[in-house]
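Comments concern the structure below.
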């Protein structure tokens, strides 16, 4: 939520993953995952996944790190497919704030297409390994531009496994639809005079966990974010002007109030600062298929930026720290 990093394109791409140029989409490693388990999930051999990321077959995976998932090869004999789809996958990393004002390169990739599925006009779809925006759009009877616009995506950006795509939902209400419009950069910064406001108050892990549970967010994840961001201190303001227990920027606070809740948040309340951060986490979890690591990445970097550029190096460190804290607070 507080990133102000400026990276040249080549440096950013190299830092995200060793072989990102060949990646069809990105995968954030969760605790307990191995090369074998990730490869199996995405229909790859361990050798293919290792080669795509420039690592050895015996390399242990670190939770919060990012793997580039390459396009899947031809289907195995006896497994029907509907053909292959090529789509441009670009990285437009300029200033790290997700506003897409840098220069990008389009890299053509191919991926095996899953059997045709039928989508209802108001349905949704969770992105799987090997999916491309163009293939999903074709199966849903939409253009790539329409599908991207409906979900707030860059049509040439990375498509992350676990992302929930909405169909026919332009402007639809709901946390998952709203999360793709999460402000980043200047819109997130907002007005320095705006809320939330600091109060000299410290809260407990139990308070954070209770508010999280009441709003459908794993308490351990909310506790981890709150501790990582502020040490549960509602009187803390960051150098980027993020404020309170959950370190919320004024522009993000305004967006949470207008998009994620019907009950206005009190700008002077530590509990409502927690609730605001929890509502954002709930939205991010819904938009990422329930992935705690991707939700944490979106909380820090902004989900639109993660979807367009992948995880920046500082985001990878943040996610690693948050997942470690989540385990400490009793999470899986």
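Mind checking whether some residue in the stretch 273-286 is touching a strand residue (DSSP E or B) at 6+ places or on another chain (Cβ under 8 Å), under 24 Å from residue 129 (Cβ atoms) and part of a helix (DSSP H, G or I)?
Yes.
Under 6 Å between Cβ atoms, which residue pairs at least 6 apart in sequence (or on different chains) link something in the stretch 302-329 that is at positive phi and crowded, with 19+ Cβ neighbours inside 10 Å with a partner that is modelled with pLDDT under 95 and assigned to a helix (DSSP H, G or I)?
310/16
Please verify whether residue 311 is assigned to a helix (DSSP H, G or I), under 12 Å from the mean Cα position of the chain (by Cα) and within 26 Å of residue 190 (Cβ to Cβ), treating the condition exactly as stated.
It is false that residue 311 is assigned to a helix (DSSP H, G or I), under 12 Å from the mean Cα position of the chain (by Cα) and within 26 Å of residue 190 (Cβ to Cβ).
Determine which member of the set 129, 141, 157, 168 is modelled with pLDDT under 75, over 29 Å from residue 40 (Cβ atoms) and touching a helix residue (DSSP H, G or I) at 6+ places or on another chain (Cβ under 8 Å).
Every option except 168 fails the conditions.
Report yes if residue 196 is in a loop (DSSP other than H, G, I, E, B), at pLDDT 95 or above and touching a helix residue (DSSP H, G or I) at 6+ places or on another chain (Cβ under 6 Å), otherwise no.
In short, yes.
Only residues that are touching a helix residue (DSSP H, G or I) at 6+ places or on another chain (Cβ under 7 Å), under 25 Å from residue 220 (Cα atoms) and part of a helix (DSSP H, G or I): list them for the stretch 233-272, please.
252, 253, 256, 259, 271
Would you pick out the residues in the stretch 284-299 that are buried (at least 21 other Cβ atoms within 10 Å of the Cβ) and more than 17 Å from residue 208 (Cβ to Cβ)?
Result: 287, 288, 293, 294, 297, 298.
Identify, please: which residue in the stretch 45-56 is in a loop (DSSP other than H, G, I, E, B) and modelled with pLDDT under 80 and is, among those, surrounded by the most Cβ atoms within 10 Å (Cβ to Cβ)?
Filtering first and then ranking leaves 55.
Being over 20 Å from residue 303 (Cα atoms) and either part of a loop (DSSP other than H, G, I, E, B) or at pLDDT 70 or above (or both) is the requirement here; does residue 59 meet it?
Yes.
The values are calculated or read from the model by the stated rules, or taken from the named source; none is laboratory data. What you see is a predicted model, and the numbers here were worked out from it, not measured in a lab. So basically every Cβ, Gly included, is an ideal-geometry build from the backbone, and we count neighbours across all protein chains shown.
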